[in-house]
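Enquirer: Please find one structure pasted underneath; my questions will follow.
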């Protein structure tokens, strides 16, 4: 029973985890992209469309990532090159993505999709409990963990990560030191787009293998909350994503087991927890300095 | 300013000439709450519209607006239709009820048809289908096929229609196996594939081996297919999504009703009525029975015939969850009791959200 | 090829007027291409989208109706953004405002007199302000990022509304449908100008004008602008950053809450599980389109509302899907945001082959 619940939680958490880890990198570089939902839904539709036309899940995933990258490039061009307001541009990106995905997807409504196969890791998958939970998943679930590990390592153990964080913390000094703030931020934004696209592909190729309009149903926004909940720390994103996923799944189990709690109350817990976490880290000056990208949401134009 | 107006007027004339006024005898307009691509509720209404287009050919012109939020946006959409010369307007969501009544008052010559509501006026009719008749049949199938004796029901909102559906399903099941049990999960949405899939998984994990739903996406059936349990399609035939898992589907077929009502507008004898038809009239259709042994198919078809001949699933003896009698043996609940149903029958493993 | 921005010494007046025109022209061009690609007459499509709604009285009224809540919310947001307070939770403040505004007609339906409506409006504004003060207080007290807290509170607000409408505030005579009881006449916002517009429109216009004057002519307006541009200079002048944060959030929340109350009282006449098709978020875009200036916001709100109405017009007239309408809307926003760059910056396009050499100025 617990194993089965955990499997459901993994599917519910994976798209949140992937989108959030991408947005975490974006925000670490000092950019706030509120268009996660729009990039994610474009990933979902392109992933489904290409997988459906070619019969290849791998090509579908690739197309979804490309779609996310293309959307984020549009965002990056506006907010980084043209110094447009980040909040407004991110919202516009979501509107565009939802419209555009619906347009592309019209031909794929009511078409059964193909589901990504499970990749069974021989030997390990036979371990009781851990086997099925951790070693019989589809490719994207494995990728999600690899992504978190890679991001955690890169951000805190490599020079690239150091520069990225420097750009997010103080773009003025980073620029003075000779780093191209715009280029580094652009890379981060593209990475975020790729992750959102991949998260979308997970929805349309693994979670519920089909295309329907608005199928992201607000998950992009939850990913934004997750980044904050994790206080911009990659490993905590896993905790957050699984917590968010678990709350929703447990909500349903609580009902099936006849427990009488208003579902809205349980659903609002993650958001309240996010605010609490935010207050706790910002009230503590040392934590704030370590974790919060100080330049988040601020535009940068190099003087010359 | 004047010249601007003139230029606009000239453009309007040009455009009007360009588009060549259509020669249709009647214009029917539809407003949908979801995207026509939901493959569920709104999709089926649009299929009904297309049936009418096919039936009437050049005599009929149609227009539709999709994903219209309930509220002021719906009111504006209805006003637009009325002004654009629609003769009959179908408003296909319960939440359009007050707006429909409001706009209908302003345009007494336009006929309005509101789906699933309970308010009528001289130019506002209501229509709905007896989906619970189909649910009785799938309940019987579930009881025949289930090994665990428990089915799972993914429900949207505790409105009478949904509650009646749950009760009809269980009454059908209990007619085959009196001890049959039903677990209900409320997802508080009509349409969220991810959440519906999670609900299906939660129910399966709690030991049900038949899933049924009163939500619109195909996701629960896909989960059933994956987990090797079975289920039923909702609103449209979803067999393509679950070749081995779908036993049948309760299909909403609005086409016959739309054709009938548009014909009445053409003939000039449209009246405001409350239509509530079911399997007998072809408004509720059972999709082909698949993945079932012959005797179960025969039973389902026999029940279908019984309903067509006028029998009603809500016929006593019916006992409420609290043990009181809802209908004595042989007594049939009247339409009002079904349309306002806010109690469970005995055997539902859930407390009705109040 | 590389694009470089050169900051203008002062804002370009010409570009301030020209940039929206360029943006709309680019949108029209893209829309024409989209219509052609999807097999529709581009001229007819453009006419239906951009012009027809302006030619009929009813659709003009509908556009104004749609623009009203957007303008009211955006005006408050503009004050926040001008003073560097990033409130993006207006959607939640709208919802809580509507809840505060509705408790009277829902819980005390027999309280029907001349005071009902004014009390509702005041309590709606109060509710929105209180909800907005949460992120403001967290910011002033704990230095918490207000973008994120105000956004989180949107979800909490909509879940609270959902809970109330499905639970304690459900209409006892409504067959369990998730909706509150209908408001009485005393609790309904009256229509003005012979039923053409809701009272919400004149209220909104008055507030927008008052705010425009406040910003341009008063000390408070000066404080808002100074603190937004240079908090250090402002603090030398004796202005309090914390005080201004509380003020601007409370004001924006009050206006959003007022908009919420007027929406449920005027347009819906009852509470439903969702009462806003994203007004609070769309208003953010309106605030920027209007250049954070209340008078500009009136125009921007109208343009954005027009894009909804026009979108519906092409749907019914050409049978295009509503997706095309929202794509065009998204493009319009992108072009406006992109073109606004021209006001503050000159764009230099530098070709890679001749670095620093040939540069075309725009």
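Enquirer: Could you list all residues from segment B:39-69 that are surrounded by 22 or more Cβ atoms within 10 Å (Cβ to Cβ) and farther than 17 Å from residue B:91 by Cα?
Expert: Result: B:39, B:60.
Enquirer: Take the residues in segment A:248-267 that are farther than 27 Å from residue C:92 by Cα and in contact with a helix residue (DSSP H, G or I) (Cβ under 9 Å, 6 or more places away or on another chain), then tell me which one is modelled with the highest pLDDT.
Expert: That would be A:253.
Enquirer: For segment A:268-298, name all the residues that are at pLDDT 75 or above, more than 9 Å from chain C (Cβ to nearest Cβ) and touching a helix residue (DSSP H, G or I) at 6+ places or on another chain (Cβ under 7 Å).
Expert: Residues satisfying the conditions are A:269, A:273, A:277, A:293, A:294, A:295.
Enquirer: Could you check, for segment B:325-336, whether at least one of its residues is under 26 Å from residue B:231 (Cβ atoms), more than 14 Å from chain C (Cβ to nearest Cβ) and either in contact with a helix residue (DSSP H, G or I) (Cβ under 9 Å, 6 or more places away or on another chain) or buried (at least 18 other Cβ atoms within 10 Å of the Cβ) (or both)?
Expert: Within segment B:325-336 (the criterion being under 26 Å from residue B:231 (Cβ atoms), more than 14 Å from chain C (Cβ to nearest Cβ) and either in contact with a helix residue (DSSP H, G or I) (Cβ under 9 Å, 6 or more places away or on another chain) or buried (at least 18 other Cβ atoms within 10 Å of the Cβ) (or both)), the answer is no, since none of the residues qualifies.
Enquirer: Within segment B:190-209, track down each residue that is without any contact (Cβ under 8 Å) to a residue 60 or more places away in the chain, under 24 Å from the mean Cα position of the chain (by Cα) and within 18 Å of residue B:233 (Cβ to Cβ).
Expert: Within segment B:190-209, B:192, B:193, B:196, B:197, B:199, B:200, B:203 meet the criteria.
Enquirer: Out of all the residues in segment B:61-110, which are over 23 Å from residue C:60 (Cβ atoms) and touching a helix residue (DSSP H, G or I) at 6+ places or on another chain (Cβ under 6 Å)?
Expert: Hits for segment B:61-110 are B:62, B:66, B:67, B:70, B:87, B:88, B:91, B:92, B:96.
Enquirer: Filter segment B:224-236 for residues that are modelled with pLDDT under 90 and either touching a strand residue (DSSP E or B) at 6+ places or on another chain (Cβ under 7 Å) or more than 12 Å from chain A (Cβ to nearest Cβ) (or both) and give the result.
Expert: Listed by number, the residues that qualify are B:234, B:235, B:236.
Enquirer: Filter segment A:39-62 down to the residues that are within 14 Å of chain C (Cβ to nearest Cβ) and farther than 19 Å from residue A:228 by Cβ, then identify the one that is farthest from the chain's Cα centre (by Cα).
Expert: Looking at the filtered set, the residue picked out is A:45.
Enquirer: Could I ask something else about it? Taking the conditions exactly as written (out of contact with any strand residue (DSSP E or B) (no Cβ under 7 Å at 6 or more places or on another chain) and either buried (at least 23 other Cβ atoms within 10 Å of the Cβ) or over 17 Å from residue A:28 (Cβ atoms) (or both)), does residue A:161 satisfy them or not?
Expert: Considered against the rule, which asks whether it is out of contact with any strand residue (DSSP E or B) (no Cβ under 7 Å at 6 or more places or on another chain) and either buried (at least 23 other Cβ atoms within 10 Å of the Cβ) or over 17 Å from residue A:28 (Cβ atoms) (or both), residue A:161 comes out as no.
Enquirer: Scan A:119, A:109, A:98, A:140 and give me the residue that is surrounded by fewer than 17 Cβ atoms within 10 Å (Cβ to Cβ) and at pLDDT below 90.
Expert: The match here is A:119.
Enquirer: Let me ask you something else. Any idea which residue in segment C:44-69 is farthest from the chain's Cα centre (by Cα), counting only those that are under 17 Å from residue C:317 (Cα atoms) and within 7 Å of chain B (Cβ to nearest Cβ)?
Expert: Top of the filtered list is C:44.
Enquirer: Sort out which residues of segment B:180-218 are outside any helix (DSSP H, G or I), within 7 Å of chain A (Cβ to nearest Cβ) and under 21 Å from residue A:262 (Cα atoms), and write them in order of number.
Expert: Across segment B:180-218, the qualifying residues are B:183, B:185, B:186, B:188, B:192, B:206.
Enquirer: Additional query: For the subset of segment A:231-259 comprising residues that are away from chain C (no Cβ under 12 Å) and part of a loop (DSSP other than H, G, I, E, B), which member is nearest to residue A:207 (Cα to Cα)?
Expert: Looking at residues that are away from chain C (no Cβ under 12 Å) and part of a loop (DSSP other than H, G, I, E, B), I get A:257.
Enquirer: Taking into account only those residues within segment C:280-337 that are touching a helix residue (DSSP H, G or I) at 6+ places or on another chain (Cβ under 9 Å) and outside any helix (DSSP H, G or I), which is farthest from the other protein chains (Cβ to nearest Cβ)?
Expert: If we take residues in segment C:280-337 being touching a helix residue (DSSP H, G or I) at 6+ places or on another chain (Cβ under 9 Å) and outside any helix (DSSP H, G or I), then C:293 is farthest from the other protein chains (Cβ to nearest Cβ).
Enquirer: Those residues that are under 27 Å from residue B:42 (Cα atoms) and either surrounded by fewer than 24 Cβ atoms within 10 Å (Cβ to Cβ) or not assigned by TED's automatic domain parsing to the domain that holds residue B:241 (or both), I need them from segment B:166-184; list them, please.
Expert: Matches in segment B:166-184: none.
Enquirer: So residue C:195 fits all but one of (1) within 12 Å of another protein chain (Cβ to nearest Cβ); (2) in contact with a helix residue (DSSP H, G or I) (Cβ under 9 Å, 6 or more places away or on another chain); what number is the exception?
Expert: Single failed check for residue C:195: (2).
Enquirer: Do we have residue B:221 as free of Cβ contacts under 8 Å to residues at least 60 places away in the same chain, touching a strand residue (DSSP E or B) at 6+ places or on another chain (Cβ under 6 Å) and in a helix (DSSP H, G or I) here?
Expert: Criteria met by residue B:221.
Enquirer: Let me ask another. Among the residues of segment A:105-140, which ones are assigned to a strand (DSSP E or B) and either within 14 Å of chain B (Cβ to nearest Cβ) or in contact (Cβ under 8 Å) with a residue 24 or more places away in the chain (or both)?
Expert: A:118, A:136, A:137, A:138
Enquirer: Select from segment C:21-40 the residues that are part of a helix (DSSP H, G or I) and out of contact with any helix residue (DSSP H, G or I) (no Cβ under 8 Å at 6 or more places or on another chain) and list them in ascending order.
Expert: C:21, C:25, C:29, C:37
Enquirer: Scan segment C:254-274 and tell me whether some residue there is within 14 Å of chain A (Cβ to nearest Cβ) and under 30 Å from residue C:116 (Cβ atoms).
Expert: Yes: segment C:254-274 contains one or more residues that are within 14 Å of chain A (Cβ to nearest Cβ) and under 30 Å from residue C:116 (Cβ atoms).
Enquirer: Which of the residues belonging to segment B:56-74 are more than 7 Å from chain C (Cβ to nearest Cβ) and within 16 Å of residue B:117 (Cβ to Cβ)?
Expert: B:68, B:74
Enquirer: Could you figure out which of (1) within 14 Å of chain C (Cβ to nearest Cβ); (2) at pLDDT 90 or above; (3) surrounded by fewer than 13 Cβ atoms within 10 Å (Cβ to Cβ) isn't true of residue B:344?
Expert: Single failed check for residue B:344: (3).
Enquirer: Considering every residue within segment C:103-115, establish whether at least one is under 26 Å from the mean Cα position of the chain (by Cα) and either farther than 30 Å from residue C:173 by Cα or assigned to a helix (DSSP H, G or I) (or both).
Expert: Scanning segment C:103-115 turns up at least one residue that is under 26 Å from the mean Cα position of the chain (by Cα) and either farther than 30 Å from residue C:173 by Cα or assigned to a helix (DSSP H, G or I) (or both).
Enquirer: Among C:132, C:125, C:186, which is the only one that is under 25 Å from the mean Cα position of the chain (by Cα) and either closer than 30 Å to residue B:189 by Cβ or surrounded by fewer than 19 Cβ atoms within 10 Å (Cβ to Cβ) (or both)?
Expert: Step by step, each of C:132, C:125, C:186 is checked, and only C:132 is under 25 Å from the mean Cα position of the chain (by Cα) and either closer than 30 Å to residue B:189 by Cβ or surrounded by fewer than 19 Cβ atoms within 10 Å (Cβ to Cβ) (or both).
Enquirer: Another question about this same structure. Let me confirm something: among A:69, A:5, which residue is surrounded by fewer than 24 Cβ atoms within 10 Å (Cβ to Cβ), on the phi < 0 side of the Ramachandran plot and at pLDDT 95 or above?
Expert: The conditions single out A:69.
Enquirer: With the structure loaded, tell me whether residue C:82 is touching a residue at least 60 places away in the same chain (Cβ under 8 Å) and farther than 30 Å from residue C:27 by Cβ or whether it fails that test.
Expert: In short, no.
The values are calculated or read from the model by the stated rules, or taken from the named source; none is laboratory data. Everything numeric here is computed off the predicted structure, so don't read it as measured data. Positions of Cβ are backbone-derived with ideal geometry, glycine not excepted, and every protein chain shown enters the neighbour counts.
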